[in-house]
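The values are calculated or read from the model by the stated rules, or taken from the named source; none is laboratory data. Quick caveat, the model's predicted, so the values are computed rather than measured. Heads up, the Cβs are rebuilt from the backbone with ideal geometry, glycines too, and the neighbour counts pull from every protein chain shown.
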Amino acid sequence: MTSAILGTGSALPEKIVTNDDLAKIVETSDAWISERTGIRSRRIAVGETTTTLSIDAGRRALEDAGISPEDIGLILVATLTPDGSMPNTACKVQAALGAVNAMCYELNAACSGFMYGVQTAHAFICSGIIKYALVIGAETLSKILDWTDRGTCVLFGDGAGAAIIGASKKGIISVEGGADGSKGAFLTTGNAPLCNPYTKHEATNPYVEMDGQEVFKFAVRKIPSIVQALTEKVDIEINQLDCILLHQANQRIIQTAAKRLKLPEELFPMNLDQYGNTSAASVAILLDEVHRSGKIKSGDLIALAGFGGGLTWAGILMYWI
Ligand code: COA
């Protein structure tokens, strides 16, 4: 017995912001952004929040799986941009969906968060603690971007993706993950400093800061090694994979990974041109798209892999059921 993804959903803000729109607020161009990253537009939340996007994506995943909310034993929301810290986003999703029997918590593993979440749900299900889990990756990164920094604000977008995980004879066959906290300074957001009657008030900066080239080097080394490790663990040849869904940060990272794995680019669907990097939501949104468009079918062997702040990484190998 293992666990499998039984249904997916996603939700995106209505507002589309193109590269040309950004060129009106920072010194950049569509040519620079699209050549270096592949990104052409992104969705930016105006009325939506991390909570509302999570609820919408979660509801769609429940409908897709045909599971009642009462059957969910765990709701996990992977995010680094919650709307507040208490109650956590998963509790708000629980209330909105009526998933009255669920434990609810958030996890933050930055862009690897959805894969960390699915692995956690897999462990809960395989150990018999729960029957079904709702795992959501959701972000409104636009609220922690420095909109005067052209080096970061052009890269990210808002959105959410979700999956229902449940016990199954076929499904997840291999998982991989890790972190290297010693490289944490390459990709950060501002800290919440101590502020109480006994400390001095420190200046705060909530924004994403990044050493783009170091993150790029890390990603192109790590992504192929995740996919290799996932397949080697279960004696599967890499060329048996039907579809590889990578974190949607940069088209050049995905192309380099494909080349290093000696696999055709067609096996690596992309949507970063439309949504940019949506961190914890990225692989979940892509999975929902390939599932709903019929690009993946029952029996396909699918790898998910991501990397992000921490630095963290994670991957999952599974049969689509
Ligand atoms: N528009 C125009 N020019 C820009 C720009 C923008 N949006 N952003 C940066 N530049 C400029 C820089 O100021 C620099 O100018 P200079 O040479 O005069 O100093 C020049 O472009 C090159 O900048 P650099 O940062 O060296 O570019 P790069 O080739 O490394 O590409 C990234 C930058 C961010 C696209 C690339 O490093 C990357 O994708 N890294 C990985 C990031 C990532 O995936 N992060 C998320 C992880 S989850």
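Numbers at a glance
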item: Sole residue being crowded, with 22+ Cβ neighbours inside 10 Å, within 17 Å of ASP288 (Cβ to Cβ), of a type in the set (Lys, Arg) and modelled with pLDDT of 95 or more, chosen from ARG43, ARG60; result: ARG43
item: So ILE316, is it among the aliphatic types (A, V, I, L, M), at pLDDT 95 or above, touching a His at 6+ places or on another chain (Cβ under 9 Å) and assigned to a strand (DSSP E or B); result: yes
item: Hits in segment 147-158 (condition: within 12 Å of the ligand (Cβ to nearest atom) and either in a strand (DSSP E or B) or acidic (Asp, Glu) (or both)); result: ASP149, PHE156
item: Some residue of segment 240-250 being more than 19 Å from ALA303 (Cβ to Cβ), modelled with pLDDT of 95 or more, assigned to a helix (DSSP H, G or I) and not small (Gly, Ala, Ser); result: no
item: Breaking point among (1) outside any helix (DSSP H, G or I); (2) within 16 Å of the ligand (Cβ to nearest atom), for CYS111; result: (1)
item: Within segment 170-212, considering residues that are touching a residue at least 24 places away in the same chain (Cβ under 8 Å) and of a type in the set (Asp, Glu), the one surrounded by the fewest Cβ atoms within 10 Å (Cβ to Cβ); result: ASP180
item: Residue match in segment 115-129 (condition: out of contact with any Cys (no Cβ under 6 Å at 6 or more places or on another chain), within 30 Å of GLU35 (Cα to Cα) and part of a strand (DSSP E or B)); result: no
item: Selected residue (criterion: surrounded by the most Cβ atoms within 10 Å (Cβ to Cβ)) from residues of segment 280-319 that are aromatic (Phe, Trp, Tyr) and in contact with a Gly (Cβ under 7 Å, 6 or more places away or on another chain); result: TRP313
item: Any hit, segment 219-235, residues being of a type in the set (Ser, Thr, Tyr), within 16 Å of the ligand (Cβ to nearest atom) and touching a residue at least 24 places away in the same chain (Cβ under 8 Å); result: no
item: Conditions (1) touching a residue at least 12 places away in the same chain (Cβ under 8 Å); (2) closer than 19 Å to ALA281 by Cα; (3) out of contact with any Leu (no Cβ under 8 Å at 6 or more places or on another chain); number of the one not met by THR18; result: (2)
item: Out of SER41, SER85, SER54, SER68, sole residue that is at negative phi, within 16 Å of the ligand (Cβ to nearest atom) and among the polar types (S, T, N, Q); result: SER41
item: Selection within segment 198-239 - assigned to a helix (DSSP H, G or I) and of a type in the set (A, V, I, L, M); result: VAL215, ALA219, VAL220, ILE223, ILE226, VAL227, ALA229, LEU230, ILE238
item: Single residue of segment 228-265 satisfying the filter (of a type in the set (Asp, Glu) and within 21 Å of the chain's Cα centre (by Cα)) that is nearest to ASP211 (Cα to Cα); result: GLU265
item: Matching residues, segment 50-82, being of a type in the set (Val, Ile, Thr) and assigned to a helix (DSSP H, G or I); result: THR50, THR51, THR52, ILE55
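Residue-wise test of (1) touching a Phe, Trp or Tyr at 6+ places or on another chain (Cβ under 9 Å); (2) of a type in the set (Gly, Ala, Ser); (3) away from the ligand (no atom under 12 Å from the Cβ).
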| position | (1), (2), (3) |
| --- | --- |
| ASP242 | yes, no, yes |
| ARG252 | yes, no, no |
| GLN274 | no, no, yes |
| ASN277 | yes, no, no |
| GLY310 | no, yes, no |
| GLY315 | no, yes, yes |
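Residue-wise test of (1) touching a Gly at 6+ places or on another chain (Cβ under 7 Å); (2) farther than 30 Å from ASP30 by Cβ.
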position	(1), (2)
PHE156	yes, no
ALA160	yes, no
LEU194	no, yes
PHE218	no, no
ARG221	no, no
THR231	no, yes
